[in-house]
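Chemist: Take a look at the following structure, please.
The values are calculated or read from the model by the stated rules, or taken from the named source; none is laboratory data. As the structure is a computational prediction, the values presented were derived from the model and not from experiment. No Cβ is skipped: glycine too gets one built from the backbone with ideal geometry, and neighbour counts run over all protein chains shown.
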Amino acid sequence: MRISVFGTGYVGLVTGTCLADAGHEVICIDVDAAKIQALQQGHIPIYEPGLADLVQRNLAAGRLHFTTDAAWGVSASLLQFIAVGTPADEDGSADLNYVLAVARTLGEHMQDYKLIINKSTVPVGTAEKVQACIQATLSQRQVNLDFDVCSNPEFLKEGAAIADFTQGARIIVGTESARVRELMSQCYAPFLQDQPQKLIFMQVRAAELSKYAANAMLATKISFINEIANLAERMGADIEQIRLGIGSDPRIGPHFIQAGCGYGGSCFPKDVQALAHMAEQVGYRAHLLDAVEQVNHQQKQRMFEKLQDALAKTQGRTSLAGCTLAVWGLAFKPETDDMREAPSRVLLEALWQAGAHVQVYDPQAQAECARIYGTRPDLDLCTSIQQTLMGADALLICTEWQEFRQVSASWLAQHLASKLVIDGRNLYDPLAMQAAGLRYYAIGRGDSLAPIL
Ligand code: UDX
């Protein structure tokens, strides 16, 4: 099939490339000429494992094209994906300006039937707005053309986006039209193999809401386990044992209940807020969503609070001014260089505010850190984990990179003179850490800071 994808951000680029790799003829369109030029050379602007190879392979095969020529993109293809950004407005609602700009472009250049597929994460009711916007543009041109708009939300995890696109648990399409069902079945046929039930058709509004509901449910699981971890700490119980205990119930399941220093990224924080905002607009106060957000906000501050308490307890220090801290992990999760809403940022900013000096290391996100914070005297971007530990009063871990997991307790004890570790991702066995002479504070386990009742 001939497919156009508007927006070469994370979602658009993965969508276009995977569709081309499945044998479709794909044109990716963006208004950013420099980005398009780089993509035409096979240079991708984000770090996503496997994506650069896939882009280059499909460029070479002539199935994938990058252009700023929207008129060509509209006229050449039957299927038109909208995958542009929907940044959060100040009040938490999604900004639809980019989505509606594409809708106008479509209306301006269409000459025959088009199926418009919305992949951007958008508030419930957006498909109707896109429909109305295209219709209004066609009316201005005084032409009457048939077209459909459907919703096809993405469920891509950064770091695993290609596998999620090609072998995801489900593909949701919101439409009431038999013609759209047929076209979307053809589009996704290469990814269904012998599992046709993976393609789920539903109402347009149900598809739009499913995206928010999925992310809000996952964020809820994380805030829930973090709340139990905070309780476990105060009650002398180990959250990792509790996770295994509750996760073995198939109604709960073992996945996505890993306690930590809070969720970040471009989706959970934004989508939980956007859903709470949508709820308000329909006159409903979403107490649970508010609580999920609040617990996460608090959780991101736990690393700093633990550090303060641990320094006071182990070294009798009441101020962080003049302290040197090693921070491992800047990205909001492993296998990405993305620092949007990352717990590391809350920690770094609190440390600087308190007058501390920070020595950081991340396998991928150093450049992003430099881009966000620039050069500053209280930030050292180190080239290895060992370098961060030189003269450090404590080590703080914000991201569960494999490289950090592989470190042994004895290596840490040897290289970290202060012997103080605050682990926001529960990477190590507390008993092994204690046996190596380290003071090890993790999330819901490890040494206790609060008196245990
Ligand atoms: C998420 C959804 O998983 C994906 O389906 C959706 O399309 C986009 O949002 P992503 O933001 O890439 O994907 O990251 P994800 O792997 O879900 O992790 C989000 C955050 O939750 C990370 O900060 C991670 O550290 C945290 N997390 C995840 C936990 O703290 N505990 C867990 O058990 C799982």
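Chemist: I'd like to check something: does segment 203-213 contain any residue that is under 28 Å from Tyr440 (Cβ atoms), in a helix (DSSP H, G or I) and within 11 Å of the ligand (Cβ to nearest atom)?
Modeler: No, because not a single residue in segment 203-213 is under 28 Å from Tyr440 (Cβ atoms), in a helix (DSSP H, G or I) and within 11 Å of the ligand (Cβ to nearest atom).
Chemist: Now for a separate question. From Gly42, Gly85, which residue is surrounded by 15 or more Cβ atoms within 10 Å (Cβ to Cβ), outside any helix (DSSP H, G or I) and at positive phi? Please lay out each step first, then the result.
Modeler: Values: Gly85 fails: at positive phi.
Result: Gly42 is the single residue among Gly42, Gly85 that is surrounded by 15 or more Cβ atoms within 10 Å (Cβ to Cβ), outside any helix (DSSP H, G or I) and at positive phi.
Chemist: Got a number for residues in segment 140-176 being in contact with a helix residue (DSSP H, G or I) (Cβ under 9 Å, 6 or more places away or on another chain), more than 16 Å from the ligand (Cβ to nearest atom), in contact (Cβ under 8 Å) with a residue 12 or more places away in the chain and in a loop (DSSP other than H, G, I, E, B)?
Modeler: Total satisfying the criteria: 3.
Chemist: So how many residues does segment 146-172 have that are of a type in the set (S, T, N, Q) and over 28 Å from Gly107 (Cβ atoms)?
Modeler: Total satisfying the criteria: 2.
Chemist: Scan (1) in a loop (DSSP other than H, G, I, E, B); (2) modelled with pLDDT of 95 or more; (3) away from the ligand (no atom under 16 Å from the Cβ) for the single condition Asp194 breaks and write down its number.
Modeler: (2)
Chemist: Something else now. Which of the helices (runs of 4 or more DSSP H) contained wholly in segment 340-429 include at least 3 residues that are surrounded by fewer than 19 Cβ atoms within 10 Å (Cβ to Cβ) and assigned by TED's automatic domain parsing to the domain that holds Leu330?
Modeler: 343-353, 366-373, 402-405, 409-415
Chemist: While we're here: Identify, please: which residue in segment 115-139 is small (Gly, Ala, Ser) and in contact (Cβ under 8 Å) with a residue 60 or more places away in the chain and is, among those, surrounded by the most Cβ atoms within 10 Å (Cβ to Cβ)? Lay out the reasoning, then the answer.
Modeler: If we filter segment 115-139 for residues that are small (Gly, Ala, Ser), which is where we start, we get 120, 125, 127, 132, 136, 139.
Checking which are in contact (Cβ under 8 Å) with a residue 60 or more places away in the chain leaves us with 120, 125, 127.
Numbers: Ser120: 26, Gly125: 13, Ala127: 23.
In this case the residue turns out to be Ser120.
Chemist: When you scan segment 332-342, do you find a residue that is over 19 Å from the mean Cα position of the chain (by Cα) and in contact (Cβ under 8 Å) with a residue 40 or more places away in the chain, even just one?
Modeler: Looking for residues that are over 19 Å from the mean Cα position of the chain (by Cα) and in contact (Cβ under 8 Å) with a residue 40 or more places away in the chain, one finds none in segment 332-342, hence no.
Chemist: Output the residue which, of all residues in segment 95-114 that are surrounded by fewer than 23 Cβ atoms within 10 Å (Cβ to Cβ) and of a type in the set (A, V, I, L, M, F, W, C), is modelled with the lowest pLDDT.
Modeler: Checked segment 95-114; the qualifying residue modelled with the lowest pLDDT is Leu96.
Chemist: Separate question: For segment 180-210, give me each residue that is surrounded by fewer than 17 Cβ atoms within 10 Å (Cβ to Cβ) and touching a residue at least 40 places away in the same chain (Cβ under 8 Å).
Modeler: Across segment 180-210, the qualifying residues are Gln186, Pro190, Arg205.
Chemist: Where residues in segment 140-171 are in contact with a strand residue (DSSP E or B) (Cβ under 8 Å, 6 or more places away or on another chain) and polar (S, T, N, Q), which of them is surrounded by the fewest Cβ atoms within 10 Å (Cβ to Cβ)?
Modeler: Once the filter is applied, the top-ranked residue is Asn152.
Chemist: Looking at segment 432-450 only, could you name the residues that are within 18 Å of Ala259 (Cβ to Cβ) and at pLDDT 95 or above?
Modeler: Met433, Tyr440, Tyr441, Ala442, Ile443, Gly444, Arg445
Chemist: Let me ask you something else. Looking only at helices (runs of 4 or more DSSP H) that fall completely inside segment 214-321, which ones have 1 or more residues that are away from the ligand (no atom under 13 Å from the Cβ), charged (D, E, K, R) and closer than 27 Å to Ala365 by Cβ?
Modeler: It comes to 287-315.
Chemist: Scanning segment 313-343 for residues that are touching a helix residue (DSSP H, G or I) at 6+ places or on another chain (Cβ under 8 Å) and small (Gly, Ala, Ser), which turns out nearest to Glu158 (Cα to Cα)?
Modeler: The extreme case among them is Ala331.
Chemist: Something else now. For segment 308-328, give me each residue that is farther than 18 Å from His415 by Cα and surrounded by 19 or more Cβ atoms within 10 Å (Cβ to Cβ).
Modeler: Ala310, Leu311, Leu320
Chemist: Is there a residue being of a type in the set (Lys, Arg) and over 20 Å from the mean Cα position of the chain (by Cα) anywhere in segment 252-272? Quick ask: steps written out before the conclusion?
Modeler: Applying the first criterion (of a type in the set (Lys, Arg)) to segment 252-272 yields 270.
Subsequent filtering for residues that are over 20 Å from the mean Cα position of the chain (by Cα) retains none.
So far as segment 252-272 goes, no, none of its residues is of a type in the set (Lys, Arg) and over 20 Å from the mean Cα position of the chain (by Cα).
Chemist: Counting only residues that are of a type in the set (Lys, Arg) and over 20 Å from the mean Cα position of the chain (by Cα), which one in segment 95-125 is nearest to Thr137 (Cα to Cα)?
Modeler: Applying the filter and picking the extreme gives Arg104.
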